Amino acid sequence: MRKRAAPFLPVVALALMLAGCGLQPMYAGGGSGAVAQGLASVDVSAIEGRAGWLVRNALVDRLGAAGNKGSSRYRLDVRLDEKLEGLALLSNDTIGRERRTLRARYQLVDVTTGEIVLDATAGSDAGIDVVSSEYAVIAAEQTALENLARDVADRIVTNVAVNLRKSAAGSR
């Protein structure tokens, strides 16, 4: 009997150590949990430009606010800074590589009090090879912008979720 229990002792010890460390899942409670409910109560303000449209749509998708009408507790204000710069000058004085950056400064505002709950930044960048086909370069630039918008939206939602989790844990 002791020989059969011996291989399981390290697993049991590890499980006990993990239970005592205080780690908890971010989205505990599923859709009815505090973080999910907090994210669903965020209204995203309009953002200027094509990049703003992409970021806003990605934020609304990730926040689950598409079905949320009129019951928002928070407002998310986002300002974007988008840049496309040429790098790697070739011997024939043409650009061989481009760098597209997308930076966002965002504020999570409590609608009832007007208090700024979170003021932070998020950003991402992508490298683009410049090839002889102008259409391929334009398509690569647009694809890079779409990917950057999704990445920035993911970073914003993660930071907002962490902040909402901290405030939910502090109110208990």
| query | So GLU141 fits all but one of (1) at pLDDT 95 or above; (2) touching an Asp or Glu at 6+ places or on another chain (Cβ under 9 Å); what number is the exception? | reply | (1)
| Mind checking which pairs have a first residue in the range 89-117 that is farther than 25 Å from ARG73 by Cα and a second that is among the hydroxyl-bearing types (Ser, Thr, Tyr) and surrounded by 14 or more Cβ atoms within 10 Å (Cβ to Cβ), Cβ under 9 Å, 6 or more apart or different chains? | THR101/SER124; LEU102/SER124; ARG103/THR121; ARG103/SER124
| said: Among the residues of the range 91-99, are any polar (S, T, N, Q) and either touching a Phe, Trp or Tyr at 6+ places or on another chain (Cβ under 7 Å) or under 17 Å from GLY52 (Cβ atoms) (or both)? | reply: no
| said: If I filter the range 92-100 for residues that are surrounded by 20 or more Cβ atoms within 10 Å (Cβ to Cβ) and either closer than 30 Å to VAL137 by Cα or modelled with pLDDT of 90 or more (or both), do I get at least one hit? | reply: yes
| said: Can you say whether VAL78 is more than 17 Å from VAL35 (Cβ to Cβ), at pLDDT below 95 and touching a Ser or Thr at 6+ places or on another chain (Cβ under 8 Å), as far as the supplied structure shows? | reply: no
| Pair list, Cβ < 8 Å and 6+ apart or interchain, from the range 44-66 residues that are over 14 Å from ARG103 (Cα atoms) to residues that are surrounded by fewer than 15 Cβ atoms within 10 Å (Cβ to Cβ) | VAL60/ALA66
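Being under 8 Å from the mean Cα position of the chain (by Cα) and not aliphatic (A, V, I, L, M) is the filter here, so list the residues in the range 147-161 that pass it.
We begin by selecting, within the range 147-161, every residue under 8 Å from the mean Cα position of the chain (by Cα); these are 150-159.
ARG150, ASP151, ASP154, ARG155, THR158, ASN159 - these are the residues of the range 147-161 that are under 8 Å from the mean Cα position of the chain (by Cα) and not aliphatic (A, V, I, L, M).
Checking the condition more than 28 Å from LEU39 (Cβ to Cβ), of a type in the set (Lys, Arg) and loosely packed, with under 14 Cβ neighbours inside 10 Å, which residue from LYS83, LYS166 passes?
On the way: LYS166 fails: more than 28 Å from LEU39 (Cβ to Cβ).
Checking each option against the conditions leaves just LYS83.
Would you call ALA122 within 21 Å of TRP53 (Cβ to Cβ) and either within 16 Å of the chain's Cα centre (by Cα) or buried (at least 18 other Cβ atoms within 10 Å of the Cβ) (or both)?
Details: within 21 Å of TRP53 (Cβ to Cβ): yes; either within 16 Å of the chain's Cα centre (by Cα) or buried (at least 18 other Cβ atoms within 10 Å of the Cβ) (or both): yes.
Yes: the conditions hold for ALA122.
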| Pick from the range 125-149 the residues that are out of contact with any Leu (no Cβ under 9 Å at 6 or more places or on another chain) and not hydrophobic (A, V, I, L, M, F, W, C): which of them is surrounded by the most Cβ atoms within 10 Å (Cβ to Cβ)? | ASN147
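On the given criteria, is ALA40 under 18 Å from ALA149 (Cα atoms) and at pLDDT below 90? Please lay out each step first, then the result.
Values: under 18 Å from ALA149 (Cα atoms): no; at pLDDT below 90: yes.
Against the criterion (under 18 Å from ALA149 (Cα atoms) and at pLDDT below 90), ALA40 does not qualify.
The values are calculated or read from the model by the stated rules, or taken from the named source; none is laboratory data. Worth saying up front: this structure is predicted, and the values here are computed from it rather than measured. Note that each Cβ is placed from the backbone with ideal geometry, even for glycine, and that neighbours are counted across all protein chains shown.
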